[in-house]
Amino acid sequence: MAADELCIAGGNAASEQSISIFQDPIEIASDVPRMVEIDLDKNGTVDVKLELISGASSTPVSGLEVTTLLRIAAESGVGIGIGGPIKAGDTFRRSDMFYRAETLARSQRNLKTSLFYGEWARSPEVVSGILPLRLIRCAEVYLGYLNLSVDGYGNVTVHGYAVTNEPALELTVIDLSGAAADPASAADDVTTPEREHTRQHEERNQLASLEKQL
């Protein structure tokens with residue numbers, strides 16, 4: 001079986017729990033360009049790479065200009081959710097748009113002005129949010145996300161990340177800081193085919209009971 005086809009293990013959460021929470025803050029400073037590699041499912045294979053790319057040029061008008069890009073690239077079988085950051089409580093689905101690579105933040109600075117591009121870098125202030133991820137393993141679709149903070153200068157911190165332990169149709173983002181202490185609190189946030197079937201069965205039973213009372 002190829003490395004990118006390995007099934008997702010339970011990670012550091014118990015097997016009966018539906019999502020594994022990983023708290024591993026990683027900081028990347030724009031003045032020290034480098035790459036961070038993350039193994040989302042803890043199977044020994046790098047899934048996502050965060051990279052700060054900086055370049056400098058000189059022009060007669062603006063003088064020295066520095067451009068910094070925050071780029072996230074995924075390995076085979078992993079997709080990155082497009083668009084701006086989402087927040088705790090938001091739900092995303094496996095049918096949403098996911099790409100292999102995305103430039104989240106871009107900043108251009110010179111002696112006169114500073115420009116910021118991208119939903120993750122609207123100003124020099126820090127933008128915090130969730131980056132959705134989709135993993136395909138063993139012909140099944142799993143969902144996960146990165147909890148990021150990015151400022152307009154390209155500095156980024158990965159506060160933690162999560163991944164479902166079983167195939168999921170959709171995933172409601174939880175607060176990683178609270179879930180780290182009790183990963184089981186995330187169990188009801190994952191919709192799987194089995195749970196959807198159970199939910200529909202319970203609804204039918206409730207409706208039948210109400211009809212009898214009427």
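The values are calculated or read from the model by the stated rules, or taken from the named source; none is laboratory data. Here the structure is a predicted model, which is why all the values come from computation and not from measurement. Because the Cβ atoms are built from the backbone with ideal geometry, glycine has one as well, and the counts that use them run over all protein chains shown. Remember, those area values only see protein heavy atoms, side chains included, never the ligands or the DNA or RNA. Shrake-Rupley method; radii C 1.70, N 1.55, O 1.52, S 1.80 Å.
Within the stretch 89-115, can you find the residues that are part of a loop (DSSP other than H, G, I, E, B) and touching a Ser or Thr at 6+ places or on another chain (Cβ under 9 Å)? Across the stretch 89-115, the qualifying residues are GLY89, ASP90, ARG100, ASN110, LEU111, LYS112, THR113.
Candidates in the stretch 9-45 are the residues that are over 22 Å from THR103 (Cβ atoms) and open to solvent by less than 20 Å² (accessible area, probe 1.4 Å); of these, the one that is modelled with the highest pLDDT is ASP41. Of all residue pairs spaced 6 or more apart or on separate chains, those with beta-carbon atoms under 8 Å, a first member in the stretch 82-100 that is over 13 Å from VAL173 (Cα atoms) and a second member that is open to solvent by 70 Å² or more (accessible area, probe 1.4 Å) and assigned to a strand (DSSP E or B) are ILE82/TYR99.
Of everything listed in (1) open to solvent by 20 Å² or more (accessible area, probe 1.4 Å); (2) closer than 21 Å to THR172 by Cα, the single unmet condition for GLY79 is (1).
Just to check your reading of the model, which residue among LEU135, LEU111, LEU131, LEU50 is at pLDDT 85 or above and more than 17 Å from GLU170 (Cα to Cα)? Result: LEU50 is the single residue among LEU135, LEU111, LEU131, LEU50 that is at pLDDT 85 or above and more than 17 Å from GLU170 (Cα to Cα). Of all residues in the stretch 76-95, exactly one satisfies the criterion of being in contact with a Lys or Arg (Cβ under 8 Å, 6 or more places away or on another chain) and among the charged types (D, E, K, R), namely ARG94. The single condition from (1) free of Cβ contacts under 8 Å to residues at least 40 places away in the same chain; (2) surrounded by fewer than 17 Cβ atoms within 10 Å (Cβ to Cβ) that CYS138 fails is (1).
State whether one or more residues within the stretch 143-160 are loosely packed, with under 15 Cβ neighbours inside 10 Å and either modelled with pLDDT of 85 or more or not basic (Lys, Arg) (or both). No: the stretch 143-160 contains no residue that is loosely packed, with under 15 Cβ neighbours inside 10 Å and either modelled with pLDDT of 85 or more or not basic (Lys, Arg) (or both). In this structure, does ARG109 turn out to be among the basic types (Lys, Arg), touching a strand residue (DSSP E or B) at 6+ places or on another chain (Cβ under 7 Å), over 17 Å from LEU52 (Cα atoms) and buried (at least 17 other Cβ atoms within 10 Å of the Cβ)? So ARG109 fails the test.
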